[in-house]
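First comes the structure, then the notes that go with it.
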Amino acid sequence: FVGATTLHGIWNGSVFFHLWVTVAVYLGALLPALGLLVWSGVQQRRREGVLVAGELPRLVAAGYLGPALAGTLAALPVRRSVLGGLPKAVQPAYRELADAVAELAFLNERIEQVGTDPRLAGLRQELLARIGTARTVLPPG
C-alpha cells in the first residue's frame, strides 16, 4: 500500500517538473511495475493450469468426471474451444464446472498444506456438489 501510494505521488508530482521527468518516472517506475503485474498474472495462470491438471485424474478416478470431459478441462485453450462449440444454454454449466474444478484444485492444495478441518471439508463437499450439478446439465461424455 505504501509503495503504491508513493509511486502514485511520484507520478502525480512529476507533471510539475519538465517533461523528461515524467517520461523518466514512466519508464523507470510505471512500466516495470506493469511488466511485473503481467508476469505475475501469467505465472498464476500457469500455476492454476498445473493444479487443475493434477486434480483431474483424481476426479476421474472418483467418478466425478468422465475422461473425455476431464480432457476438455485440462488447458485454457481447449476450454475456450469447447465452450465455443457448446449450445448457449449449456455454456454456463460448463463455466461453472471449470470454475468448481479450479477452486477444488486450490482447496485440495490448501488441505495438503495445512490439513483439513470441518470448514474446509464442508467447502470441499460443496464444490463436489457444484461439479455434480453442472455435470447433469452437460451432454454425456
Note to self: I need every pair where a residue in region 95-110 that is touching a residue at least 24 places away in the same chain (Cβ under 8 Å) and within 15 Å of residue 50 (Cα to Cα) has its Cβ under 8 Å from the Cβ of a residue that is open to solvent by less than 10 Å² (accessible area, probe 1.4 Å) and not in a helix (DSSP H, G or I), sequence separation at least 6 or different chains.
What the structure shows: 98/73; 101/65; 101/73
Next item on the list: Return the total of residues in region 113-132 being charged (D, E, K, R) and under 17 Å from residue 102 (Cβ atoms).
Entry: 3
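A quick yes/no check of all residues on (1) under 30 Å from residue 137 (Cα atoms); (2) touching a Pro at 6+ places or on another chain (Cβ under 7 Å); (3) among the hydrophobic types (A, V, I, L, M, F, W, C):
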position: 23; (1), (2), (3): no, no, yes
position: 49; (1), (2), (3): yes, no, no
position: 58; (1), (2), (3): yes, no, no
position: 63; (1), (2), (3): yes, no, no
position: 67; (1), (2), (3): yes, no, no
position: 78; (1), (2), (3): yes, no, yes
position: 100; (1), (2), (3): yes, no, yes
Next item on the list: Scan region 1-15 for residues that are open to solvent by 100 Å² or more (accessible area, probe 1.4 Å) and either touching a Phe, Trp or Tyr at 6+ places or on another chain (Cβ under 8 Å) or at pLDDT 85 or above (or both) and report the count.
Entry: 2
Next item on the list: Please work out which residue is least open to solvent (accessible area, probe 1.4 Å), limiting yourself to region 111-122 and to residues that are farther than 16 Å from residue 55 by Cα and in a helix (DSSP H, G or I).
Entry: 120
Checklist line | helices (runs of 4 or more DSSP H) wholly inside region 21-108 containing at least 2 residues that are closer than 28 Å to residue 121 by Cβ and open to solvent by 50 Å² or more (accessible area, probe 1.4 Å) | finding: 31-62
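The values are calculated or read from the model by the stated rules, or taken from the named source; none is laboratory data. Owing to the predicted nature of the structure, the values given are computational and were not obtained by experimental measurement. All Cβ positions, even for glycine, are placed from backbone atoms using ideal geometry, and neighbour counts span all protein chains on display. Surface accessibility is based on the protein's heavy atoms, side chains included, excluding ligands, DNA and RNA. Shrake-Rupley method; radii C 1.70, N 1.55, O 1.52, S 1.80 Å.
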